[in-house]
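The values are calculated or read from the model by the stated rules, or taken from the named source; none is laboratory data. All of these numbers come straight from a predicted model, not from anything done at the bench. Positions of Cβ are generated from backbone atoms using ideal geometry, with glycine treated the same way; all protein chains shown enter the neighbour counts.
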Number of protein chains: 2
Amino acid sequence: MINRLCIIGTGLIGGSLALALKKSAYCKHIVATGRNEDNLKKALHLGVIDSYELDYASAVSDADVVFLAVPLGAMRDVFEKIKPHLADTTIVTDAGSAKVSVIDAAKQVLGKLNKFIPGHPIAGIEKSGVEAAFDTLFQDRRVILTPVAENMAEDIEFIKSMWKSAGAEVDMMEAVHHDLILAGTSHLPHILAFALVDCLNNLDDVDEIFRFAAGGFRDFTRIASSDPVMWRDICIENSDAILSMMQQYQNEMQKLKDAIKTSDSDKLLEIFTRAKQARDLFSM
Amino acid sequence: MINRLCIIGTGLIGGSLALALKKSAYCKHIVATGRNEDNLKKALHLGVIDSYELDYASAVSDADVVFLAVPLGAMRDVFEKIKPHLADTTIVTDAGSAKVSVIDAAKQVLGKLNKFIPGHPIAGIEKSGVEAAFDTLFQDRRVILTPVAENMAEDIEFIKSMWKSAGAEVDMMEAVHHDLILAGTSHLPHILAFALVDCLNNLDDVDEIFRFAAGGFRDFTRIASSDPVMWRDICIENSDAILSMMQQYQNEMQKLKDAIKTSDSDKLLEIFTRAKQARDLFSM
């Protein structure tokens, strides 16, 4: 049970966690703060939060848990804003899509990491904003916690229970490993989809191109509707892992290009068959 | 109205056209032929076709329309098999995903193109085989015809009416232009999806990677479940347009990679914002 949860960043993720914890009655009071008062008002009006505060002191000082659900690029600034008001017992956790950079920022700003439990709910959809929040966003989705050496087992368990009560399945992982896995399964696909839409958009026949695009294209590029600010931040904050995955992808494309150039039927069939098998296995 | 339609290749596309034309009562008798008798038996048993023939002479000689729904790589062979049995009045059409190569094959084998109306229904799904066929596959989908100079207007109209009675919207286009447009909207996305799944599949952490993949990844890679033989053939038969699109895509990726390498926030935000706008417009 959480007495008072402070959410910083009441968008899709922050709002959905608030709704889920209200539904499961895991949290007595949910207070929010953030830069945008209109957004806080909206969250209150929609019944997503119980109250909001405009100053960080009032929002943070009595909280058992402070949940940072802001874009990666805003994490450091928020750590700086909350630091003076954090009680010794307050657990801080986050929802950042890259973990190494958030841990670095926390270390630099907070000094000690013992009460910061880094986390990442893998539950994005293309929509954003508190209007898009819903209480089952995390149902049967995975949340990855990437605890640091200084964390206490009981604090980790506390955050784990919070996510479980929101319906999620919780996994533990090293931060570096998390960033590499996510670069492959999430960051790279998003970059590829943005790149495809932008590439086609630059062609002369752009209207015709989009007119003749079918269902496959629609599915493939759906993630290119995602929030540009969030994805800019992810690219900046997880650049090493992303660049490494992009290089591997470029090598794979070159392999395919060479096979097409030389009409290497066997090679093409081999790659497509292997990919189809892997994808079909994943669907099950 | 078609008295006798001969379908060569009773898979998803051939089977679905048969079902649609039966439903709209646009065709009196649908006969099929092909290399695989089991498949023909299945199509008959499922009520997709009215009869089948194992020799091309019986299948083709009395047909008003012969519809080739075989992989691109099999087109030339089928043209050779049907040529001796085609009546002067029989219209031949096809469903090949690339048009220039099919027209070339038809020209080389049939000699004259006047009765061949090249076509391409843009209605693929990841499933294949006659079991997957359904009578509304072409409903509100686009079919592109790429007539050649030798075609007669009335024959083009005849094939157009056939597709309309199957529920499709019919567009006309130059074959070269078709191949370029489709390379961008369909062939490139499929290659990118195959490449991503194969790329991830080659990593050491492959099990973990697929375990932590979320909904975006699922959508993005759905088309990597498509038929490997069909996609090998498309890569071989539309190689020029595909290689040109792949080159443009590689340039786009390099642009993004450079922006990530240099932490160029503005550039990343610009590209992602432009892509999101284009994709959102397309969704409407």
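Quick look at the numbers
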quantity	calculated
Breaking point among (1) buried (at least 21 other Cβ atoms within 10 Å of the Cβ); (2) touching a residue at least 40 places away in the same chain (Cβ under 8 Å), for residue A:79	(2)
Flag if residue A:49 is outside any helix (DSSP H, G or I) and either in the same structural domain as residue A:136 (by TED's automatic domain parsing) or touching a strand residue (DSSP E or B) at 6+ places or on another chain (Cβ under 7 Å) (or both)	yes
When residues of the range A:193-214 are limited to those that are at the interface with chain B (Cβ under 7 Å from one of its Cβ atoms) and among the acidic types (Asp, Glu), the one surrounded by the most Cβ atoms within 10 Å (Cβ to Cβ)	A:198
Residue match in the range B:157-179 (condition: within 30 Å of residue A:186 (Cβ to Cβ), touching a Pro at 6+ places or on another chain (Cβ under 7 Å) and surrounded by 20 or more Cβ atoms within 10 Å (Cβ to Cβ))	no
Candidates B:159, B:122 - the one that is facing chain A (nearest Cβ under 8 Å), among the hydrophobic types (A, V, I, L, M, F, W, C) and touching a residue at least 24 places away in the same chain (Cβ under 8 Å)	B:122
Neighbours by Cβ (under 8 Å, 6+ apart or cross-chain): first from the range B:260-271, free of Cβ contacts under 8 Å to residues at least 24 places away in the same chain; second assigned to a helix (DSSP H, G or I) and of a type in the set (S, T, N, Q)	B:260/A:239; B:261/A:239; B:263/A:239
Search result, residues across the range A:57-84 that are of a type outside the set (D, E, K, R) and farther than 21 Å from residue A:103 by Cβ	A:57, A:58, A:59, A:61
Residue within the range A:128-135 that is touching a Lys or Arg at 6+ places or on another chain (Cβ under 6 Å), over 24 Å from residue B:208 (Cβ atoms) and among the β-branched types (Val, Ile, Thr) present	yes
Condition check for residue A:148: within 14 Å of chain B (Cβ to nearest Cβ) and either modelled with pLDDT of 95 or more or in contact with a strand residue (DSSP E or B) (Cβ under 7 Å, 6 or more places away or on another chain) (or both)	no
Only listed residue being closer than 30 Å to residue B:185 by Cα and surrounded by 23 or more Cβ atoms within 10 Å (Cβ to Cβ), chosen from A:120, A:190	A:190
Tally of residues being outside any helix (DSSP H, G or I) and either under 21 Å from residue B:86 (Cα atoms) or in contact (Cβ under 8 Å) with a residue 40 or more places away in the chain (or both) across the range B:7-45	16
Those residues of the range A:194-214 which are of a type in the set (Gly, Ala, Ser) and part of a helix (DSSP H, G or I), in sequence order	A:195
Number of positions in the range B:190-234 that are closer than 14 Å to residue A:272 by Cβ and either under 17 Å from the mean Cα position of the chain (by Cα) or not polar (S, T, N, Q) (or both)	22
Residue in the range B:187-197 that is more than 26 Å from residue A:211 (Cα to Cα) and in contact with a helix residue (DSSP H, G or I) (Cβ under 8 Å, 6 or more places away or on another chain) present	yes
Test for residue B:31: is it over 30 Å from residue B:243 (Cβ atoms) and out of contact with any Asp or Glu (no Cβ under 9 Å at 6 or more places or on another chain)	no
Filtered residue count, the range A:62-75, keeping only those that are crowded, with 18+ Cβ neighbours inside 10 Å and either over 16 Å from the mean Cα position of the chain (by Cα) or free of Cβ contacts under 8 Å to residues at least 40 places away in the same chain (or both)	5
Candidates A:224, A:213 - the one that is touching a strand residue (DSSP E or B) at 6+ places or on another chain (Cβ under 9 Å) and not hydroxyl-bearing (Ser, Thr, Tyr)	A:213
